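Some notes on the structure that comes next.
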Amino acid sequence: MSAKTANKIATSVIVAVSGLIVLVLAGLLGYILVRGLGHISFDFLTSAPETIRRGGGIGPQLFNSVFLLFLTMIITIPLGLGAGIYMSEYAPANKVTNGIRLIVEVLSSVPSIIVGLFGLLVLVNLFGFGFSLFAGALALTVFNLPLMVRITEQGLRSVPREQKEASLALGLSKWKTITSVMLPIAMPVILTGTILAAGRVFGEAAALLFTAGMSSPRLDFSDWNPFSPFSPLNPFRPAETLAVHIWKINSEGLAPDAKEIAAGASAVLVITVLAFNFAARWLGRYLYRRFTAIK
Amino acid sequence: MTAIGMSTKNLSVYYSDKQAVKDVSLDFQAKQVTALIGPSGCGKSTFLRSLNRMNDLIPDCKITGEIWIRDRNINSPDTDVVSLRQRIGMVWQRPNPFHKSIYENIAFGPRYHGTKNKKALDEIVEQSLRKAALWEETKDRLHNSALALSGGQQQRLCIARSIAVKPDIILMDEPASALDPVSTSKIEELIAELKRDFCIVIVTHNMHQAARVSDKTAFFLTGEVVEYDLTTNIFTNPQKQETNDYITGRFG
């Protein structure tokens with residue numbers, strides 16, 4: 001076979017495979033959206049679910065998902081940034097560092113149901129947090145943190161060495177060099193990664209079944225005192241998230257319109273995750289321009 | 001500004017167990033340009049990077065010997081490397097402006113070192129750009145990105161950035177080798193201008209450049225200084241056979 005023919009075959013195979021992937025993706029998205037979009041209305045997004053009657057909404061679940069994401073990110077971002085900066089800039093190149101890196105890799109590949117069981121045993125029972133948003137946020141942190149550490153580390157490593165040296169050569173401290181020269185350059189990478197990780201948290205169900213729980217108390221959206229047991233802001237109340245809700249009504253929903261609710265909720269979930277992705281790209285570009293004065 | 005020079009005594013640099021620089025003792029006079037020449041891999045860049053302790057960043061790199069500025073050996077462990085580097089500027093082979101505006105590139109260092117006043121910073125930015133012969137080209141777009149400048153302009157910005165923190169000494173590692181001939185001659189003019197205020201040490205592969213810009217020249221070969229003399233002597237009347245072979249282009 002001549003080199004030309006081989007080239008042609010390889011090119012067409014690659015084009016075909018890419019086309020297939022796009023088709024599968026578009027089909028999947030289209031299916032979820034076509035089935036679910038018709039069911040989405042303001043009422044659906046804001047009202048509470050019904051157990052037996054039709055016409056229930058996903059208001060509290062949507063709120064729970066957003067709030068849980070917020071809590072998780074509050075815990076994950078400082079820890080992940082700190083650890084990532086340490087791994088990239090301060091950790092000596094030795095066996096201990098490599099060991100830590102290996103553990104981080106392993107941690108990120110633990111199945112989420114295992115993380116959920118770990119949460120149940122340690123956070124819910126041993127530490128006595130009960131089924132709560134806080135326990136859920138900690139469980140999500142377990143597999144979000146490795147991602148955050150790796151993203152930060154990769155972002156900082158992608159900064160050209162000359163940039164770092166130029167700053168140090170001006171007599172700037174290492175910390176100032178990291179925060180003022182390296183982090184702005186690494187920011188788009190870190191931010192995109194963070195928001196993608198957030199999307200993963202938003203869609204997670206298995207790790208939350210045994211930690212944040214499968215039910216919500218009757219929330220009182222006029223009570224914003226975080227210590228009141230019916231306040232939506234109380235981090236120590238149980239909370240069913242959107243992804244868990246989809247799983248639950250699909251498997252044991254009694255309402256006659258359970259299928260439609262699941263379809264609508266799935267569409268909302270997919271749209272939100274897509275929105276995260278687009279927001280990530282846009283914000284990454286915007287911040288890069290802000291920090292670097294590129295018009 | 002008092003004139004400050006620099007000298008090394010038996011300076012050796014090791015990468016793990018390989019010795020890259022061997023017992024180099026050189027004097028760099030204030031208000032003079034000293035060129036370091038020699039074939040690739042002869043240790044001249046490694047030597048240069050040791051002078052502001054930039055090699056500290058490389059693991060397994062060990063530096064022995066002494067580096068003297070004023071009355072201090074800055075290669076001693078108790079030296080504050082961060083404040084030392086403020087007094088020794090550095091310019092790299094490839095222009096590496098910060099991913100910031102032109103103004104920020106220059107104001108960044110002085111602001112960190114304590115100049116917070118907006119007027120004073122404006123003053124430093126203008127003076128530094130003027131000294132680097134870049135003011136006329138950039139005064140209308142100080143707040144645009146430095147990355148939009150041409151390669152030669154970027155390199156002059158990097159020089160402006162390093163003189164903005166008022167160093168005594170400027171190290172240049174092949175500052176013109178990535179630039180076109182016009183930009184190169186601008187950089188060379190600039191070096192001639194800057195030596196009125198600074199002690200300049202420049203590594204170069206271009207022997208004509210060394211002959212044009214420097215007062216003294218050191219010829220490096222396999223980590224050692226073969227010959228160190230006035231530039232005119234090195235290029236017209238070298239004392240060593242290796243120097244003669246190198247400058248006449250017989251090897252390297």
Within region B:110-158, work out how many residues are within 26 Å of B:Ser83 (Cα to Cα), without any contact (Cβ under 8 Å) to a residue 24 or more places away in the chain, within 14 Å of another protein chain (Cβ to nearest Cβ) and part of a helix (DSSP H, G or I).
2
Among the residues of region A:45-58, is any modelled with pLDDT under 85 and in a helix (DSSP H, G or I)?
yes
Residue hits (region A:242-269; in contact (Cβ under 8 Å) with a residue 60 or more places away in the chain and either touching a Gly at 6+ places or on another chain (Cβ under 8 Å) or basic (Lys, Arg) (or both)) are A:Ala243, A:Ala255, A:Asp257, A:Ile261, A:Ala263, A:Gly264, A:Ala265, A:Ser266, A:Ala267, A:Val268, A:Leu269
Filter region B:55-81 down to the residues that are facing another protein chain (nearest Cβ under 7 Å) and either in contact with a Leu (Cβ under 7 Å, 6 or more places away or on another chain) or among the basic types (Lys, Arg) (or both) and list them by number.
none
Selection within region B:85-105 - among the charged types (D, E, K, R), at the interface with another protein chain (Cβ under 7 Å from one of its Cβ atoms) and in a loop (DSSP other than H, G, I, E, B)
B:Arg94, B:Lys100
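What about A:Leu287, is it assigned to a loop (DSSP other than H, G, I, E, B), hydrophobic (A, V, I, L, M, F, W, C) and on the phi < 0 side of the Ramachandran plot?
no
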Scan the helices (runs of 4 or more DSSP H) fully inside region B:178-252 and keep the ones with 1 or more residues being of a type in the set (D, E, K, R) and more than 21 Å from B:Arg94 (Cβ to Cβ).
B:181-194, B:207-213, B:241-247
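Suppose we keep only residues that are of a type in the set (Ser, Thr, Tyr) and over 20 Å from A:Gly59 (Cα atoms) within region A:252-290. Which one would you say is surrounded by the most Cβ atoms within 10 Å (Cβ to Cβ)?
Checking each candidate, the answer is A:Tyr288.
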Note down all Cβ pairs under 8 Å where the first residue falls in region B:162-175 and is more than 10 Å from every other protein chain (Cβ to nearest Cβ) and touching a residue at least 24 places away in the same chain (Cβ under 8 Å), the second is assigned to a strand (DSSP E or B) and aromatic (Phe, Trp, Tyr), and they're at least six residues apart or on different chains.
B:Ile169/B:Phe28
Please work out which one of (1) within 14 Å of another protein chain (Cβ to nearest Cβ); (2) over 25 Å from B:Ala107 (Cβ atoms) is the condition A:Val201 fails and give its number.
(1)
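The rows are residues; the columns are (1) under 18 Å from A:Gly38 (Cα atoms); (2) assigned to a helix (DSSP H, G or I).
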site: A:Trp224; (1), (2): no, no
site: A:Ser228; (1), (2): no, no
site: A:Ser251; (1), (2): no, yes
site: A:Leu269; (1), (2): yes, yes
site: A:Phe278; (1), (2): no, yes
Would you be able to say whether some residue in region B:46-61 is of a type in the set (Phe, Trp, Tyr) and assigned to a helix (DSSP H, G or I)?
yes
Elements of type helices (runs of 4 or more DSSP H) in region A:81-179, at least 1 residues being more than 14 Å from every other protein chain (Cβ to nearest Cβ) and over 26 Å from the mean Cα position of the chain (by Cα)
A:95-108
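The values are calculated or read from the model by the stated rules, or taken from the named source; none is laboratory data. Since the structure is predicted, the reported quantities are computational estimates derived from the model, not experimental observations. Please note: Cβ atoms are built from the backbone with ideal geometry, for glycine as well, and neighbour counts cover all protein chains shown.
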